[in-house]
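The values are calculated or read from the model by the stated rules, or taken from the named source; none is laboratory data. Since this is a predicted model, take the numbers as computed values, not measurements. Because the Cβ atoms are built from the backbone with ideal geometry, glycine has one as well, and the counts that use them run over all protein chains shown. The protein model used for the area step is the full one, side chains on, heavy atoms only, and it has no ligands, DNA or RNA in it. Shrake-Rupley method; radii C 1.70, N 1.55, O 1.52, S 1.80 Å.
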Amino acid sequence: MRRRIRLVVLLASLLAGALLLGVPRAASRAQAPEGTAVITGTVHGKQGQVVEGAAVRLVAQGTGDELEGGVTQADGRFALMVPETVPDDLVIHVERAHYEDMAVVLDPEAVEGLRQGQPVALPDIHLLRQVNASFWIATLIFAGMLALIGLGKLHNTLTALLGVTLIFFVSYLGGALNHDLFILDFSGALRYVDWNVIFLIMGMMIIIAAVERTGLFQWLAYNAYRLSGGRVWLLIPILMLVTGVTSAMLDNVTTMLLMTPITVQIALTLGISPLALLMPEVMASNVVGISTLIGTPTNILIGSFAKISFNGFLSNLTPGVLLAFVGLVIYSELVYRGEIHGSESEEVSHLLLERLAERAKITEPEDLKKAGVVGAFMLLLFITGEHVHLVPAVTAIMGATVLLIWTRPDIDEMIEEVDWTTLVFFMALFIVVGAVQEVGLVSVVADVIGRLVAGNLVVAILVVTWSSALLSTVIANIPFTAAMLPVVGYLTATVPGAHSKVIFYCLSVGSGMGGNGSLIGASANMVTAGISERAGYPISFAYFLKKGLPALLITVGLGTIWLLLRFIVFPGTAT
């Protein structure tokens, strides 16, 4: 009975998550009763990004009385209902933490229109960033978190939680004494957590745990080793290719959730460190994933903002991705040659093959068939879900729920297999990165990039590609990409020759391949590190930086060459 209750609770949580993630949000525009005069407008930041949560007040300037108030919604819009008696001196005050206050005086013509019941649409309101104590404190907390992760003095999850604790401590206790110390409140922090990523990972972890019981991973390990003939140097590019292609068709986070347990099994059976296979795999995932719209979370953001189709990414980036992939394979073979040396003798290969054959048995064939049916359905939804606005997280939750109901595993074992440590790390990291976004650090960086470009397309390609790549090593590429989109949109509209959306493709290459530069650069990296650590092989920040930074330089360099050829040397071939 207890087991059934727990199963019901877990399934209810998953279904609730699916409903929260899958139901489209209601239109965020404030609605006024019919026949009532309203004042509408949109609030933007300096780079053109919408500003949510800004307080908007309609005030009679002469008396100082507040006539109406509201806040900007997720799309930056607001709507204020006007009272029946309309004073002559109306002014709109816009206030938001970390921005300079703005006052907009309504002209006499607009006031007269309101008296006649006509709505008034204001020009876009642009707020300027305010650099105060909260900016520097949040920046120091963020830098300190990165330093602690890099030094490995604390567990990554504990370090991220410490960063969140300091942000809330300063915001609530310090902010009560001085408003300039306020950084982020709890409700604001939750807005920065990418729940799509969290539920996607949780759902896929449950599915992997259910499939692992069937013996599939051992069977795959046996066949992968048999295919390579015991030649580990050949096994590395095979696994990289499989991982890369899968990442392009699904997404790199899901791919690494599937591939990491298989790879660990193969490596341990071969008697080599799993890192010699996992590192090339996750780097290949980040590189090849950018060839399609759904391959990486950053591409999903870019495609939605810039209206770039699946075919747009495929045709404009795939040749460059293949070039970068070849360079990554050569680099991986050279770097890990020492670690795989001595694991390929004929006698060892024969013994390992026998050992693998003994363990390569499907223990639960019926459950594996059910998992295959669910997996095929999920693959179809992953590929086609974008047409009905079905996010991958919902697909993962639905798949996990159906598989649990169909196979009826031990629910306690399933819960234990979910890597809650990694999930907590993700949530805490999103909040800390959200804090530096909130105070304007990311906007400052983006503003500097905009100044460097100065209207030159070649300079724009180089600056956006390489700044995105290098900054993605210290700022997770998902929030960095989101912050850069308005900047790239501005450059696309103002830089001559950028109408081909080349600068958006530069952002894709830089942020996607730049995720290989550090452990926190891409979500797939942290997922891989979490599973590897549970297997007894932790991937430290310093280790990832040592192996990943040279890969970043090679792949981004090759990707840049392709971008220049595609859009500068042969611009007529761009689609």
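Provide the FRET efficiency to the nearest 0.05 for the Leu234-Ser273 pair, computing r from the beta carbons and using R0 = 22 Å. Provide the component values of the computation, followed by the final result.
On the way: r = 18 Å, r/R0 = 0.81.
My answer for the efficiency is 0.80.
In degrees between 0 and 90, to the nearest 10, how far off the longest principal axis of the chain does helix 297-306 point, with axes built from Cα atoms?
Around 40 degrees separate the two axes.
How large is the accessible surface per residue of the range 404-540, computed with a 1.4 Å probe and reported in Å² as a whole number? If you can, show how the numbers build up before the last one.
Values: 4180 Å² over 137 residues.
So the range 404-540 comes to 31 Å² accessible per residue, rounded to a whole number.
So with the 1.4 Å probe, I'd like the accessible area per residue for the range 46-126, rounded to whole Å². Display every interim value, and only then the final one.
Working: 4230 Å² over 81 residues.
In whole numbers, the range 46-126 has 52 Å² accessible per residue.
Sort Lys547, Lys307, Lys369 from largest to smallest accessible area, using a 1.4 Å probe on the heavy atoms of the protein chains. Working shown, then result.
Working: Lys547 25, Lys307 155, Lys369 125 Å².
Largest to smallest exposure gives the sequence Lys307, Lys369, Lys547.
Just the number, please: carbon plus sulfur as a percent of the accessible area of the range 299-340, 1.4 Å probe, no ligands or DNA/RNA counted. Write down the numbers at each step before the final one.
Details: 1390 of 1880 Å².
It is 74 percent, rounded to a whole number.
Compute the signed sum of charges (Lys and Arg +1, Asp and Glu -1) over the other residues within less than 14 Å, Cβ to Cβ, of Leu200.
Values: positive: none; negative: Asp194, Asp251, Asp419.
Charge balance near Leu200 sits at -3.
Compute the acute angle (0 to 90°) between the alpha-carbon long axis of helix 365-384 and the principal axis of greatest extent of the alpha-carbon atoms of the chain; round to the nearest 10°.
Taking Cα atoms only, the helix is inclined about 40 degrees.
Report the longest stretch of the chain that contains none of the GluC sites (Glu not before Pro) sitting in a DSSP loop with at most 10 other Cβ atoms within 10 Å.
No qualifying site falls inside 85-575, the longest such stretch.
List the lysines whose Cα lies under 27 Å from the Cα of Lys501, skipping any in the same chain that are fewer than 8 positions away.
Lys46, Lys307
Show the residues, 5+ positions off or on another chain, whose built amide H is closer than 5 Å to the amide H of Val71.
Val56
Using a 1.4 Å probe, how large is the accessible area of Trp233, given in Å² and rounded to the nearest 10?
120 Å²
Roughly to the nearest percent, how much of the accessible area of the range 484-575 is carbon and sulfur, given a 1.4 Å probe? Let's see the in-between values first.
Working: 2180 of 3050 Å².
On the range 484-575, the fraction of accessible area on carbon and sulfur atoms equals 72 percent.
Sum up the charges of everything whose Cβ sits under 12 Å from the Cβ of Val86, counting Lys and Arg as +1 and Asp and Glu as -1, but leave Val86 out.
Working: positive: Arg115; negative: Glu68, Glu84, Asp88, Asp89, Glu112.
Cβ neighbours under 12 Å give a net charge of -4.
Give the long-range amide H neighbours of Tyr99: residues separated by 5 or more places, or on another chain, with amide H under 5 Å away, using H modelled in the peptide plane at 1.01 Å from N.
HN-HN under 5 Å from Tyr99: Gln130.
Provide the per-residue ³J(HN,Hα) series for the range 323-329, in order, calculated from phi with Karplus coefficients 6.51, -1.76, 1.60 and θ = phi - 60°, each as a whole number of Hz, with x at glycine and proline positions.
4, 5, 5, 4, x, 5, 4
On a 0 to 90° scale, report how tilted helix 392-407 is relative to the longest principal axis of the chain, with both axes built from alpha carbons and the result rounded to the nearest 10.
Computed tilt is about 50 degrees.
Among Ile397, Ala133, Ala376, whose Cα projects farthest towards the positive end of the dipole of the chain, with charges put on the beta-carbon of Lys, Arg (+1) and Asp, Glu (-1)?
Most positive-ward Cα: Ala376.
Using per-residue counts of other Cβ atoms within 10 Å, averaged over each peptide, order 549-555, 427-433, 182-188 from highest down. Show your work: numbers first, answer last.
On the way: 549-555: 21.0, 427-433: 24.6, 182-188: 18.1.
Top to bottom by mean Cβ count within 10 Å: 427-433, 549-555, 182-188.
Whenever you get a sec, line up Leu423, Leu258 from highest to lowest accessible area (probe 1.4 Å, protein heavy atoms). Each step should come with its number before you reach the end.
Working: Leu423 5, Leu258 60 Å².
Reading off the accessible areas and sorting them downward yields Leu258, Leu423.
Can you give the FRET efficiency for Val458 and Ile415, using 1/(1 + (r/R0)^6), R0 = 45 Å, r = Cβ-Cβ distance, to the nearest 0.05? Don't jump to the answer; show the numbers that get you there.
Details: r = 54 Å, r/R0 = 1.19.
Result of the calculation: an efficiency of 0.25.
Pop a pseudo-label 7 angstrom from the Cα along the beta-carbon direction at both Thr63 and Phe570 and give the gap in nm to one decimal.
My value for the distance between the label points is 7.1 nm.
What spacing in nm lies between the two simple spin-label points modelled at His44 and Leu380, each 7 Å away from Cα in the Cβ direction?
Simple spin-label model gives 4.3 nm for this pair.
Solvent-accessible area of Lys46, probe 1.4 Å, all protein chains present, reported in Å² to the nearest ten, please.
Approximately 120 Å² of Lys46 is accessible to the 1.4 Å probe.
So which lysines can Lys370 reach, going by Cα to Cα under 27 Å and dropping same-chain residues fewer than 8 places off?
Lys361
Largest first, what is the accessible-area ranking of Leu177, Leu162, Leu234 with a 1.4 Å probe? Mind dumping the intermediate values first?
Details: Leu177 155, Leu162 70, Leu234 45 Å².
Listed by decreasing accessible area, they come as Leu177, Leu162, Leu234.
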